[in-house]
Amino acid sequence: MLSIEPLRTSDIEATASLHRKNLRLGLFPKLGRHFLGLYQESFARSPYGIALVARDDDDHVVGALFGTTANAEHYRWVTHNFGSRLALAGCGAMLTRPQVALDFARTRMGRYARGVARHMGVLPSASASAAQPGASRPVSVLSHIVTDATMRRRGVGRRLIEGFANRATARGVHRALLVTEEGGLGTPFFERLGCRLVGQHKSHDGAILREYRLILDEEGAYEDLAGDRRAYTVVHAYPKRLGSASILPERP
């Protein structure tokens, strides 16, 4: 029977291999298994991270999920606690991958430097300077989900998302964002779950990315409707599927 459990240190070799083989979008898979292993471990250790694996009857890892309950806080924690190890692993990987190093310098170096400076307090945080009374809650992100190719369409991904939803809502999170490549395997999977498309943009590598909102429970399903209509839309929470909507009266 399939089981969903927190990531163990002994799982990281398998989850990093799954990530590198099946999730090739972006910079990190190009940096190799060692870097990916540290990166995945940071989700397991961060107080704002969620790291899960799916195991089959033989205790083999057949899927993994990594996400955050508060994305900015998570990466601030990672910068302070894993930043030096990740930087060394990334630089070491790029020394033997010159094309990856060139692409990084061309498309990402400035953004990463500014992000690290903000997290270290050298530059002011954009979110902090823009904060107002009654500001929105921290943003939760489902960062990565992957299943072994031999286990697709067997409910592994759904079970991983159920596990994420249970753990995130227990920490007071009601909705999450996720990004997947247009035309990839993730698009039909997330749309079958009823995730709502909220945006589309181009990655640093030129790929078209689709951003979805995943509603985790009934609290997260309330939204102000556009215009002057004082009502809320509820989209039924997973696992009942997110696509069915009805209008509820205004909250007190």
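All but one of (1) exposed (fewer than 12 other Cβ atoms within 10 Å of the Cβ); (2) in contact with a Lys or Arg (Cβ under 9 Å, 6 or more places away or on another chain); (3) modelled with pLDDT of 90 or more hold for T147; state the number of the condition that does not hold.
Exception for T147: condition (1).
In the range 10-59, which residue that is among the basic types (K, R) and in a helix (DSSP H, G or I) is modelled with the highest pLDDT? Step through it out loud before you land on a result.
Within the range 10-59, the first condition is being among the basic types (K, R), and the residues that meet it are 20-21, 24, 30, 33, 45, 55.
Next cut, in a helix (DSSP H, G or I) only: 20-21, 30, 33, 45.
Numbers: R20: 92, K21: 91, K30: 91, R33: 92, R45: 97.
Residue satisfying both the conditions and the ranking: R45.
Could you list all residues from the range 205-217 that are touching a residue at least 60 places away in the same chain (Cβ under 8 Å) and under 14 Å from L27 (Cα atoms)?
Correct list: D205, A207.
Take G90 and tell me if it is surrounded by 19 or more Cβ atoms within 10 Å (Cβ to Cβ) and assigned to a helix (DSSP H, G or I).
Details: surrounded by 19 or more Cβ atoms within 10 Å (Cβ to Cβ): yes; assigned to a helix (DSSP H, G or I): yes.
Considered against the rule, which asks whether it is surrounded by 19 or more Cβ atoms within 10 Å (Cβ to Cβ) and assigned to a helix (DSSP H, G or I), G90 comes out as yes.
How many residues, within the range 173-204, are surrounded by fewer than 16 Cβ atoms within 10 Å (Cβ to Cβ), free of Cβ contacts under 8 Å to residues at least 60 places away in the same chain and either of a type in the set (A, V, I, L, M, F, W, C) or assigned to a loop (DSSP other than H, G, I, E, B) (or both)?
Result for the range 173-204: 4.
Working carefully through the options L2, L27, L7, L18, find the one that is in contact with a strand residue (DSSP E or B) (Cβ under 7 Å, 6 or more places away or on another chain), surrounded by fewer than 20 Cβ atoms within 10 Å (Cβ to Cβ) and not basic (K, R).
Numbers: L27 fails: in contact with a strand residue (DSSP E or B) (Cβ under 7 Å, 6 or more places away or on another chain); L7 fails: surrounded by fewer than 20 Cβ atoms within 10 Å (Cβ to Cβ); L18 fails: surrounded by fewer than 20 Cβ atoms within 10 Å (Cβ to Cβ).
So the residue among L2, L27, L7, L18 that is in contact with a strand residue (DSSP E or B) (Cβ under 7 Å, 6 or more places away or on another chain), surrounded by fewer than 20 Cβ atoms within 10 Å (Cβ to Cβ) and not basic (K, R) is L2.
The values are calculated or read from the model by the stated rules, or taken from the named source; none is laboratory data. Owing to the predicted nature of the structure, the values given are computational and were not obtained by experimental measurement. Positions of Cβ are backbone-derived with ideal geometry, glycine not excepted, and every protein chain shown enters the neighbour counts.
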